[in-house]
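The values are calculated or read from the model by the stated rules, or taken from the named source; none is laboratory data. Source: prediction; values computed, not measured. Using ideal geometry, Cβ is built from the backbone for each residue, glycine included, and neighbour counts are taken over all protein chains shown. Quick note on the areas: whole protein, heavy atoms, side chains included, nothing else; ligands and nucleic acids left out. Shrake-Rupley method; radii C 1.70, N 1.55, O 1.52, S 1.80 Å.
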Amino acid sequence: MRASIVHDISGRVVSVARPAKDAKVKVLSGPGQSVLEIDIEEDAIHELINGKLRIDTERKKVVSYDQ
């Protein structure tokens, strides 16, 4: 599933958007935030929302907090 993840500079997730496949959406971020568009499994989205995962800002991927 394709998702747009808004995160801060340390990789903490601010919000997750999962627009419909054909939707034309623009995801906005604020100061000190970025948007990562990524293909991700549904289970990983739940872990992002629950604070179990973060974004590795250098490698542009989802990782656990211990990585």
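Between E47 and R2, what is the label-to-label distance in nm when each label sits 7 Å out along the Cα-to-Cβ direction?
2.4 nm
At what distance in nm do the modelled label points of L28 and Y65 sit from each other, each positioned 7 Å from its Cα along Cα→Cβ?
It works out to 3.0 nm between the two label points.
Tabulate in residue order the Karplus-calculated ³J(HN,Hα) for the stretch 39-51, using 6.51 cos²θ - 1.76 cosθ + 1.60 with θ = phi - 60°, rounded to whole Hz; enter x for Gly and Pro.
7, 8, 6, 4, 4, 5, 4, 4, 5, 4, 5, 7, x
How much accessible area does L48 have with a 1.4 Å probe, in Å² rounded to the nearest 10?
So the heavy atoms of L48 present about 10 Å² to solvent.
Express the carbon and sulfur contribution to the solvent-accessible surface of the chain as a percent, rounded to the nearest whole number, probe 1.4 angstrom.
The C+S portion of the solvent-accessible surface of the chain is 48 percent.
Could you work out [θ]222 nm for the chain from helices alone, using -39500 (n - 2.57) per DSSP H run of at least four and dividing by all its residues? Round to the nearest 500 deg cm²/dmol.
-3000 deg cm²/dmol
Dimensions of the chain along principal axes (Cα, Å, largest first)?
Sorted from largest, the Cα extents of the chain read 35, 29, 20 Å.
Once the other residues with Cβ under 10 Å from the Cβ of I38 are scored (Lys, Arg +1; Asp, Glu -1), what is the net sum?
Within the 10 Å Cβ shell, the charges total +1.
Scanning the chain for GluC sites (Glu not before Pro) in DSSP loops with at most 16 other Cβ atoms within 10 Å, what's the longest stretch left with none?
The answer is 1-40.
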